[in-house]
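J.: Take a look at the following structure, please.
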Amino acid sequence: MILGLIIACEIGFWVAILAGLGARYILKAKRLGAALLLCAPLIDVVLLIAVTAHLATGAAASWHHGLAALYIGFSVTYGHRMIAWADTRFAHRFAGGPAPLKATGWQYTQRCWGDFARTLGAALIAAGILAVITWWIDDPNRTEALTGWNRILGIVVTVEFIWAISYTIWPRKAALPSSHAPSSSRPAK
């Protein structure tokens, strides 16, 4: 049940974003677009309430509950950035906005360190949710499946840290201009 709800929430998150941006840029309905975009964070609240209600019925916590905590943590820390990413592309496609730029060099390195901070924040939020669930249930037999998530969160943060370090040492280089411009003329036969 919880796994299906997590999948539904992820789909609902993107539907709310796409509907909000579609209303903003295609229908030119800015208020409707803003209202639809505000639905995206409400989906996290729905998931948190559902997980709490499920556990309140006496159900044992499963890896699905840990995944829900992880989803909520990442949604809170990365949600705004994902919406901004989609907004830039919608503005470019439907409103004549500038093309999205691909970050290189120090700018990309800074983005990697920002991602590390977001990932660390997401892991801390998820760990906090897991700790509250474990404390609230107060039954080690029912929360046993949640203890392994702290190791997974540590691995995710470590990988993100290594990624940021690697781009600090070896910054992403800008793409070289192509010396082979495509020819519009056809070769003679």
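J.: Stretch A34-S166 to full length: gain in nm at 0.36 nm per residue minus the Cα-Cα span? Kindly include the intermediate steps, with their values, before the conclusion.
T.: Values: separation 132, 0.36 × 132 = 47.52 nm, distance 3.79 nm.
Going from the current span to full extension adds 43.7 nm.
J.: Which residue, chosen from A126, A23, M1, occupies the Cα position most advanced towards the positive end of the dipole of the chain, where the dipole is computed from +1 (Lys, Arg) and -1 (Asp, Glu) charges on Cβ about the Cα centre?
T.: Checking the options against the dipole of the chain, the answer is A23.
J.: Positive end of the charge dipole of the chain (Lys, Arg +1 and Asp, Glu -1 on Cβ, about the Cα centre): tell me which of T52, T143, L32 has its Cα farthest that way.
T.: About the Cα centre, the residue reaching furthest to the positive side is L32.
J.: Let's test the formula: R0 of 41 Å, r as the Cβ-Cβ distance of D139 and A117. What FRET efficiency results, to the nearest 0.05?
T.: Plugging the Cβ-Cβ distance into 1/(1 + (r/R0)^6) gives 0.75.
J.: Could you give the angle, 0 to 90 degrees to the nearest 10, between helix 30-56's Cα long axis and the longest principal axis of the Cα atoms of the chain?
T.: Result, in degrees: 30.
J.: Note down the net charge around A60, summing +1 for each Lys or Arg and -1 for each Asp or Glu among other residues with Cβ under 14 Å from its Cβ.
T.: Working: positive: R142; negative: D138, D139, E144.
Neighbourhood net charge equals -2.
J.: A further question on this structure: For the pair A91 and M1, how long in nm is the line joining their label points, each one 7 Å along Cα→Cβ?
T.: Modelled inter-label distance: 4.3 nm.
J.: Read phi for every residue in segment 59-75 and hand back ³J(HN,Hα) as whole Hz from Karplus 6.51 cos²θ - 1.76 cosθ + 1.60, θ = phi - 60°, with x for Gly and Pro.
T.: 5, 7, 5, 10, 4, 5, 5, x, 5, 4, 4, 5, 4, 5, x, 6, 5
J.: Then there is this: Toward the positive end of the charge dipole of the chain, about the Cα centre and with charges on Cβ (Lys, Arg +1; Asp, Glu -1), which of I155, A69, H92 goes farthest?
T.: In the chain, that residue is H92.
J.: A further question on this structure: Take the Cα of A53, step 7 Å along the line toward its Cβ, and report every residue of segment 1-23 whose backbone nitrogen sits under 13 Å from that point.
T.: 2, 5
J.: If you don't mind, there's one more thing I want to ask. Once every DSSP H run of n ≥ 4 in the chain is given -39500 (n - 2.57) and the sum is divided by its residues, what mean residue ellipticity at 222 nm do you get, rounded to the nearest 500 deg cm²/dmol?
T.: The per-residue figure over the chain is -26500 deg cm²/dmol.
J.: Over the chain, what is the relative contact order in percent, taking alpha-carbon pairs closer than 8 angstrom and at least six residues apart? Don't jump to the answer; show the numbers that get you there.
T.: Numbers: 176 pairs, mean separation 43.1, N = 189.
Result for the chain is 23 percent.
J.: What size of dipole, in debye to the nearest 20, comes out for the chain about its Cα centre when the only charges are +1 on Lys and Arg C-beta atoms and -1 on Asp and Glu C-beta atoms? Let's see the in-between values first.
T.: Details: 16 positive and 8 negative charges, 279 e Å.
Approximately 1340 debye in magnitude.
J.: Residue by residue through segment 127-135, what is 3J(HN,Hα) from phi via Karplus (6.51 cos²θ - 1.76 cosθ + 1.60, θ = phi - 60°)? Round to whole Hz and write x for glycine and proline.
T.: 5, x, 4, 4, 5, 5, 4, 4, 5
J.: Assuming a viscosity of 0.692 mPa s and a temperature of 37 °C, what translational diffusion coefficient in µm² per second does Stokes-Einstein assign to segment 1-68, Rh being the Kirkwood radius over Cα pairs? Working shown, then result.
T.: Working: Rh = 13.0 Å.
Stokes-Einstein gives a translational diffusion coefficient of 253 µm²/s.
Every number here is computed from the coordinates shown, using simple stated rules; none is lab data. A quick note: this is a predicted structure, and the numbers were derived from the prediction, not measured. Here Cβ is always computed from backbone atoms with ideal geometry, including for glycine, and neighbour counts include all displayed protein chains.
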